[in-house]
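Read the structure below first, then the notes.
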Amino acid sequence: MTSFAAAGRSALGSFHPFLRLERLLRDHPAGDHGLPGVKGPIQLQVGDPKNAPPAFLQECLQKNAAGWGSYPPPRGTADYREAAADWLTNRFALPANFIDPDRNILPVPGTREGLFFTIMMAIPGPGEGEKRKVLLPSPFFHVYAGATAAAGGEPVFVPARAETGFMPDYAALPKEVLEKAALAILCSPSNPQGAIADAAQMRDVITLARQHDFLAIFDECYSEIYLDQPPLGALQSAAEFGSLDNLVVFHSLSKRSSAPGLRCGFVAGDARWIDRVDGAMRFGGAGVPLPALAAGASLWRDEVHVERNRDYYRESFVMAERLLGNRLGYRRPGGGFFLWLDVGDGEAATVKLWKEAGIRVLPGAYMSAEDERGDNPGAPYIRVALVYDAAFNEAALRLLLDTLEV
Ligand SMILES: Cc1ncc(COP(=O)(O)O)c(C=O)c1O
């Protein structure tokens, strides 16, 4: 298989991690897990929240049902933008008026679509310049690389291994690479490792973006799923600098409020980039429907259900810590809901778990890319999503460990 970097647009599908997983397992029948009351295989590969969203979400959608009859307004509603700006200001202790809801916020139907459009818009088109490099962490959320390939950008995969705290060290890249960069992405808490960028790492990316005139994209969609301390946000660093220049930050209700089906989030930051992304989304974006905007605003204004959601995941991590100790390279993640386990050969372990126990996990190699030496930093790992309740997760994790004989 050619490397991800060389794939280009025509090969997008062949690099999608879940399609690759399907290909890996399709010729093998699922083993019997033997867990009572569980029909079908145990799906630990996908980060699909299973905790119910709060009941008032449904009530709010119903109350605003008349809005289904209208096209979603491109910039959303003033009420939604204000709810998002107020949430950011409180959550990240930003100075009053640092975020202007009308200029610095754009609602997006989940961060995935917003990320895709933003990456597309940041990569120069034909005749628009040569700054085509896209600085990505490896491992990465596949949408970053997919959008890069779709827009004809040149991905530069920067390993995010244990030695660098599972964060990419963009500052260590050669000057010639930084000068050709169209954008850089930092995901914190990161998917899959659950690592959190510290203030210096955030500041470094912002400083590099301004020095070399590229866009810094911060994907913070897991910022509310944490075990101990609330993760820092890039907007805190931006506030220290006193400006939003060259950066945008993504947030979503998918994980925070267990509402991935609502397709509701926002991008916040540099007004020039907000306008540019808005301009593109008016052509091809789905927009966020009016009832979802109303429900979304009420979710951003409530923290009670978010606290409950955090408790739900925390219970599973306490359990995982008890079962794993320091086996398989386990360390307490700062945030998110994944285990990133070093099993030696992630692909082989995935096949074994499927064939012997009907457990589906994701090989780490499918979320990362080979470096120039042909080394894939995700290859030794599997990603295990802890999205079910703690009792189910415990039974599944025990079975996983027994099957791998660790
Ligand atoms: C790192 C990361 N970013 C973005 C997303 C997209 O989430 P959504 O579009 O539901 O906000 C996901 C979803 O799994 C993710 O893991």
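The values are calculated or read from the model by the stated rules, or taken from the named source; none is laboratory data. Just so you know, these numbers come straight off a predicted model, no measurement behind them. In this analysis, Cβ positions are derived from the backbone assuming ideal geometry, glycine residues included, and neighbour counts consider all displayed protein chains. All accessible areas refer to the heavy atoms of the entire protein, side chains included, with ligands and DNA or RNA removed. Shrake-Rupley method; radii C 1.70, N 1.55, O 1.52, S 1.80 Å.
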Practice item. Filter the cross-link list Lys175/Lys352; Lys50/Lys352; Lys63/Lys255 down to pairs whose alpha-carbon distance in this structure exceeds 32 Å. Key: Lys175/Lys352
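Which GluC sites (Glu not before Pro) from region 351-386 combine a DSSP loop assignment with at most 10 other Cβ atoms within 10 Å? Provide the component values of the computation, followed by the final result.
Working: sites: Glu356, Glu370, Glu372; in loops: Glu370, Glu372.
Passing sites in region 351-386 are Glu372.
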Practice item. Would you mind computing, in nm to one decimal, how far apart the modelled labels at Val318 and Glu128 are, each placed 7 Å from Cα along Cα→Cβ? Key: 5.0 nm
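Rounded to a whole number, what % of the accessible area of the chain do carbon and sulfur atoms account for, probe 1.4 Å?
Working: 8530 of 16500 Å².
After summing per-atom areas, the C and S share lands at 52 percent.
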Study note, to complete from the structure: Burial-style ranking of 191-199, 17-25, 132-140, average other-beta-carbon count within 10 Å with highest first, yields 132-140, 191-199, 17-25
Exercise for review: Output ³J(HN,Hα) for region 330-340: one whole-Hz value per residue in order, computed from phi by the Karplus curve 6.51 cos²θ - 1.76 cosθ + 1.60 with θ = phi - 60°, and x for Gly and Pro.
Suggested key: 5, 9, 5, x, x, x, x, 10, 10, 9, 10
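Taking the Cα centre as origin and putting +1 on Lys and Arg beta-carbons and -1 on Asp and Glu beta-carbons, what dipole magnitude results for the chain, to the nearest 20 debye?
Dipole magnitude for the chain comes out near 660 debye.
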Review point. Taking H as built 1.01 Å from N, whose amide H comes closer than 5 Å to the amide H of Val158, not counting residues under 5 places away?
Key: Leu136, Ser138
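If you wrap a convex hull around the Cα atoms of region 10-165, how much volume per residue is inside, in Å³?
Residue-normalised Cα hull volume stands at 259 Å³.
Need one number: % antiparallel among DSSP beta bridges in the chain, to the nearest 5.
45 percent
First measure r as the distance between the Cβ atoms of Lys355 and Phe18, then evaluate 1/(1 + (r/R0)^6) with R0 = 22 Å and state the FRET efficiency to the nearest 0.05. It would help to have the intermediate numbers written out before the result.
Values: r = 19 Å, r/R0 = 0.85.
After rounding to 0.05, the efficiency reads 0.75.
How many Å³ per residue does the convex hull of the Cα positions in region 330-406 occupy? Write out the running numbers ahead of the final one.
On the way: hull volume 7.7 nm³, N = 77.
Cα-based convex hull of region 330-406, divided per residue, equals 100 Å³.
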Review point. Along the charge dipole of region 56-302, which of Gly146, Cys187, Val158 sits closest to the positive end, that is, farthest toward it, with unit charges on the beta carbon of Lys, Arg, Asp and Glu (+1, +1, -1, -1)?
Key: Gly146
Practice item. Name the lysines eligible as straight-distance cross-link partners of Lys180: C-alpha to C-alpha under 21 Å, and not fewer than 8 places from it in the same chain. Key: Lys131, Lys133
Check your understanding: For region 7-88, rounded, prolate or oblate, judged on the Cα gyration tensor with a ≥ b ≥ c (square roots of eigenvalues), a/c < 1.5 rounded, else prolate if a/b > b/c?
Key -> oblate
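Report the far tail of the P(r) of region 367-406, meaning the percent of Cα-Cα pairs longer than 14 Å.
Numbers: 473 of 780 pairs.
Result: 61 percent of Cα pairs exceed 14 Å.
Which of the trypsin sites (Lys or Arg not before Pro) across region 255-306 are loop residues per DSSP, with 15 or fewer other Cβ within 10 Å? Provide the component values of the computation, followed by the final result.
Values: sites: Lys255, Arg256, Arg263, Arg272, Arg276, Arg282, Arg301; in loops: Arg263, Arg301.
Within region 255-306, the qualifying trypsin sites (Lys or Arg not before Pro) (loop, at most 15 other Cβ atoms within 10 Å) are Arg301.
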**Study point:** For region 56-302, with +1 on Lys and Arg beta carbons and -1 on Asp and Glu, the positive-most of Phe250, Pro168, Ala280 along the dipole
**Key:** Ala280
Revision key, fill the gap. Beyond 17 Å, the calculated P(r) of region 154-290 holds a percent of Cα-Cα pairs equal to 62 percent
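Measuring with a 1.4 Å probe in the full set of protein chains, what accessible area per residue, in whole Å², belongs to the chain? If you can, show how the numbers build up before the last one.
On the way: 16500 Å² over 406 residues.
Accessible surface, normalised per residue, equals 41 Å².
Starting from the Cα gyration tensor of the chain, multiply each eigenvalue by 5, take the square root, and state the resulting semi-axes largest first in whole Å. Intermediate results must be reported in sequence, preceding the final value.
Numbers: eigenvalues 207, 143, 80 Å².
That gives 32, 27, 20 Å for the three semi-axes.
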Revision key, fill the gap. Given Cβ charges of +1 for Lys and Arg and -1 for Asp and Glu, the option among Leu235, Gly110, Phe98 whose Cα lies farthest towards the positive end of the dipole of region 56-302 is Gly110
